[in-house]
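For reference, the structure discussed in these notes is given below.
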There are 2 protein chains.
Amino acid sequence: MKKFLNAIDTLLEESLSGFAKAHADIVQFHQQPHFITRTNPTRAGKVALISGGGSGHEPLHTGFVGLGMLDAACPGQVFTSPTPDQMLAAAQAVENGGGVLFIVKNYAGDVMNFEIAAEMLDCANATVLVADDVSLPKNHSTGRRGVAGTLLVEKIVGAAAEQGADLATCKALGDKVNANTASMGLALTSCTVPALGKPTFILAEDEIEMGVGIHGEHGRQTQKLSNANTMVEQLIHAIVEDLQPEKNQQILLHINGFGATPAMELYLVYEIAAQLLQQQGLNIARSLVGNYTTSLDMAGCSITVTLMDDELLALWDAPVHTASLRWHC
Amino acid sequence: MKKFLNAIDTLLEESLSGFAKAHADIVQFHQQPHFITRTNPTRAGKVALISGGGSGHEPLHTGFVGLGMLDAACPGQVFTSPTPDQMLAAAQAVENGGGVLFIVKNYAGDVMNFEIAAEMLDCANATVLVADDVSLPKNHSTGRRGVAGTLLVEKIVGAAAEQGADLATCKALGDKVNANTASMGLALTSCTVPALGKPTFILAEDEIEMGVGIHGEHGRQTQKLSNANTMVEQLIHAIVEDLQPEKNQQILLHINGFGATPAMELYLVYEIAAQLLQQQGLNIARSLVGNYTTSLDMAGCSITVTLMDDELLALWDAPVHTASLRWHC
């Protein structure tokens, strides 16, 4: 394993400390338990948005704390759920009279721990469960996994909360974005979790994992590497089949790198995906390309499509000022 | 080789086309010859800033075209200089009465081709040569290589040009930023150039390349992998030895990922580097962490330090609106 590392036990804390120092104008790092909050106070009565999950997906979620997006993020160890005490402490730190909305990716550990925190919390709260990964069927026993579409929920609900939407409105909006969003990814290589010290799974030199999860979970199938057109077509086909968009539907197209894929390749994927979607009569109203929901050093990418309407477009375009998304600020 | 790829011959064009579509509000893609310009016209009399170089370092340079930074970028094939006809066509497209400033990384092919273009160009022009890589001695026969410090030159001179600085002022400012900047990187792994189809160089599982260039060039030495503290200390030592900063000097600290290094590790490197620099009495006034000057899918990072003064800080903070750097916009 070749990584920048002093010790497994100190990696998360050292990294969070560096993150908070590099962006001291935007975020603050709280220790024991670990969580990240905004540096600047929010308006009284604003709904507080909190997300979190295992580390290793950066910039998700810490890089999305700031004006117009999250109020706090709770990072667990790599690919490991944060604990309820982190969520509780974060909620107590940022609750400001408007209640707390938890944005939770659908993984058993995350769901359980956020539920415990919600029960312990003595203020109004609600949870949006993100489950955008269409590599699993809709009726899968544990539900679909939450992947790169989480960013869309955090950005759009974050904008609404900033503009004064109440807790019930934010919750309904988050559910709407989740329902409007479909993602699927593929891995060219595995990632290596520091504590494990070796690749999570093995792919031959001519194999890819189609429908991979953001922790390297098995997807639809292990298959032969093919050209970019063929691989992107498979992703787009699965997404469109799931969303069943109308002709002329406005969409947001998000190409997400898993960590080790060069920008040149991500933009090639964008080019192919955009052509396929336009051939189906869809209208790409907004685009986002880059490493946003990563899987450490995995090579590969996911494609996310969100069905947009005027409300969602306006909220997407609203000001955001975080370490990793920043516009109109 | 596992990459998103249709064909080697079409990769660059497909990727540039996707890039321009994803950021159609900011950039335009011109074909035959290839170059990228801003979508929105600039003020008459503004100095036009043009950079370029081999592709594979994205977002450098295409991702830095836009308000407050470059007017045009000329991308060559992967790790291959663009040709003079690209630079000439770009210059003719964006020259707007204020002359042209070429920002060129110090590599023989780039230098030669930009010189030919400058000679063919029938308007006032000047060139800033970037040579910030301190892994080579100052008196090296071909000079030092231009690496991640190029971003600093493009951002700071870009802001000055936007504010109305003339060609001579922009040229002098670019030379000043270059003189104030020192960078050094290390590779944990090689990158794989698509046309070659295999890693550029070979490192054993316990080896790193200290002082590597952004194309995988040999650096100071191949050495054993050590912990993050030790490796970062070596980079910082070389940089500080070169810059010889005064106590309390204001600096910008830039941690640049080479493409396959997770954000967690880049922020760990930031944490260590920041502590070392502060221990030497330096004042970290600005920070930038992320993948900005990449080497395709290489794992590793570089550290860049620029000595800042009030003029440079104000220009760094000035509005910028490009695909990959965006603030106060």
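The values are calculated or read from the model by the stated rules, or taken from the named source; none is laboratory data. Quick caveat, the model's predicted, so the values are computed rather than measured. With ideal geometry, Cβ positions are generated from the backbone for all residues, glycine too; neighbour counts draw on all protein chains shown. Side chains included, ligands, DNA and RNA excluded: accessible areas come from the protein's heavy atoms. Shrake-Rupley method; radii C 1.70, N 1.55, O 1.52, S 1.80 Å.
Which residues, counting only those in the stretch A:245-268, are of a type in the set (F, W, Y) and part of a loop (DSSP other than H, G, I, E, B)?
Within the stretch A:245-268, the first condition is being of a type in the set (F, W, Y), and the residues that meet it are A:258, A:267.
Selection gives A:F258 alone.
For the stretch B:11-27, which positions are hydrophobic (A, V, I, L, M, F, W, C), within 16 Å of B:F64 (Cβ to Cβ) and either assigned to a helix (DSSP H, G or I) or facing chain A (nearest Cβ under 8 Å) (or both)? Don't jump to the end; show me each part of the working.
Just the residues of the stretch B:11-27 that are hydrophobic (A, V, I, L, M, F, W, C), to begin with: B:11-12, B:16, B:19-20, B:22, B:24, B:26-27.
This time we only want the ones that are within 16 Å of B:F64 (Cβ to Cβ), so: B:16, B:19-20, B:22, B:26-27.
If the condition is that a residue be hydrophobic (A, V, I, L, M, F, W, C), within 16 Å of B:F64 (Cβ to Cβ) and either assigned to a helix (DSSP H, G or I) or facing chain A (nearest Cβ under 8 Å) (or both), then B:L16, B:F19, B:A20, B:A22 are the ones that fit.
Looking only at the stretch B:147-200, count every residue that is part of a loop (DSSP other than H, G, I, E, B), small (G, A, S) and surrounded by 24 or more Cβ atoms within 10 Å (Cβ to Cβ) and tell me the total. Outline the logic, then answer.
Initial filter on the stretch B:147-200 (part of a loop (DSSP other than H, G, I, E, B)): B:147-149, B:163-166, B:180, B:188-191, B:193-198, B:200.
From what is left, the residues that are small (G, A, S) are B:148-149, B:164-165, B:190, B:195, B:197.
Subsequent filtering for residues that are surrounded by 24 or more Cβ atoms within 10 Å (Cβ to Cβ) retains B:148-149.
Adding up the residues that qualify gives 2.
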> Can you name the residue in the stretch B:277-296 that is within 12 Å of another protein chain (Cβ to nearest Cβ) and assigned to a helix (DSSP H, G or I) and is also farthest from the chain's Cα centre (by Cα) among such residues?
Replying inline: B:Q278
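Let's see how each residue does on (1) open to solvent by less than 20 Å² (accessible area, probe 1.4 Å); (2) in a loop (DSSP other than H, G, I, E, B):
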site	(1), (2)
B:P82	yes, yes
B:M87	yes, no
B:V111	no, no
B:F114	yes, no
>> If a residue must be of a type in the set (A, V, I, L, M) and under 18 Å from A:T80 (Cα atoms), how many such residues does the stretch A:184-218 contain?
In response: 5
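Would you tally the residues in the stretch A:50-67 being under 10 Å from the mean Cα position of the chain (by Cα) and either part of a strand (DSSP E or B) or buried (at least 24 other Cβ atoms within 10 Å of the Cβ) (or both)?
Matching residues across the stretch A:50-67 total 8.
Which residues, counting only those in the stretch A:209-262, are of a type in the set (S, T, N, Q) and touching a residue at least 60 places away in the same chain (Cβ under 8 Å)?
First pass over the stretch A:209-262, keeping only residues of a type in the set (S, T, N, Q): A:221-223, A:226-227, A:229-230, A:234, A:244, A:248-250, A:256, A:261.
Passing the criteria: A:Q250, A:N256, A:T261.
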> When only residues in the stretch A:28-38 that are open to solvent by 10 Å² or more (accessible area, probe 1.4 Å) and in contact with a Leu (Cβ under 8 Å, 6 or more places away or on another chain) count, which is farthest from A:P84 (Cα to Cα)?
Replying inline: A:R38
> Hey, B:H23 hits all of (1) open to solvent by 40 Å² or more (accessible area, probe 1.4 Å); (2) in contact (Cβ under 8 Å) with a residue 60 or more places away in the chain but one; which does it fall short on?
Replying inline: (1)
> Within the stretch B:172-224, can you find the residues that are away from chain A (no Cβ under 13 Å) and among the basic types (K, R)?
Replying inline: B:K176, B:R220
> Just a yes or no: is a residue in the stretch A:251-273 over 30 Å from A:Q28 (Cα atoms), in contact with a Leu (Cβ under 9 Å, 6 or more places away or on another chain) and open to solvent by 30 Å² or more (accessible area, probe 1.4 Å)?
Replying inline: no
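Kindly evaluate B:Q77 against the criterion of being of a type outside the set (G, A, S), within 14 Å of chain A (Cβ to nearest Cβ) and not in a loop (DSSP other than H, G, I, E, B). So that I can check it myself, show each step before the final result.
Numbers: of a type outside the set (G, A, S): yes; within 14 Å of chain A (Cβ to nearest Cβ): yes; not in a loop (DSSP other than H, G, I, E, B): yes.
Yes.
Within the bounds of the stretch A:39-48, is there any residue that is surrounded by 24 or more Cβ atoms within 10 Å (Cβ to Cβ), touching a helix residue (DSSP H, G or I) at 6+ places or on another chain (Cβ under 9 Å), touching a residue at least 40 places away in the same chain (Cβ under 8 Å) and not assigned by TED's automatic domain parsing to the domain that holds A:G259? Let's see the steps before the verdict.
The first filter runs over the stretch A:39-48 and keeps only residues surrounded by 24 or more Cβ atoms within 10 Å (Cβ to Cβ), leaving A:47-48.
Cutting the leftovers down to touching a helix residue (DSSP H, G or I) at 6+ places or on another chain (Cβ under 9 Å) gives us A:47-48.
Subset that is touching a residue at least 40 places away in the same chain (Cβ under 8 Å): A:47-48.
Next cut, not assigned by TED's automatic domain parsing to the domain that holds A:G259 only: A:47-48.
Looking for residues that are surrounded by 24 or more Cβ atoms within 10 Å (Cβ to Cβ), touching a helix residue (DSSP H, G or I) at 6+ places or on another chain (Cβ under 9 Å), touching a residue at least 40 places away in the same chain (Cβ under 8 Å) and not assigned by TED's automatic domain parsing to the domain that holds A:G259, one finds at least one in the stretch A:39-48, hence yes.
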> Inside the stretch A:212-244, can you point out the residues that are open to solvent by less than 50 Å² (accessible area, probe 1.4 Å), in contact with a strand residue (DSSP E or B) (Cβ under 6 Å, 6 or more places away or on another chain) and in a loop (DSSP other than H, G, I, E, B)?
Replying inline: A:V212, A:G219
> Are there any pairs with C-beta distances below 7 angstrom linking a residue in the stretch A:115-133 that is over 18 Å from A:E154 (Cβ atoms) to a residue that is among the aliphatic types (A, V, I, L, M) and surrounded by fewer than 18 Cβ atoms within 10 Å (Cβ to Cβ), with the two at least 6 apart or on different chains, and if so which?
Replying inline: none
> Here are some conditions: (1) crowded, with 24+ Cβ neighbours inside 10 Å; (2) in a loop (DSSP other than H, G, I, E, B); (3) of a type in the set (S, T, N, Q). B:N6 meets all but one. Which one does it not meet?
Replying inline: (1)
>> Which condition from (1) of a type outside the set (A, V, I, L, M); (2) free of Cβ contacts under 8 Å to residues at least 40 places away in the same chain; (3) touching a strand residue (DSSP E or B) at 6+ places or on another chain (Cβ under 7 Å) is the one that A:D9 breaks?
In response: (3)
> Got at least one residue in the stretch B:297-309 being open to solvent by 10 Å² or more (accessible area, probe 1.4 Å) and within 11 Å of another protein chain (Cβ to nearest Cβ)?
Replying inline: yes
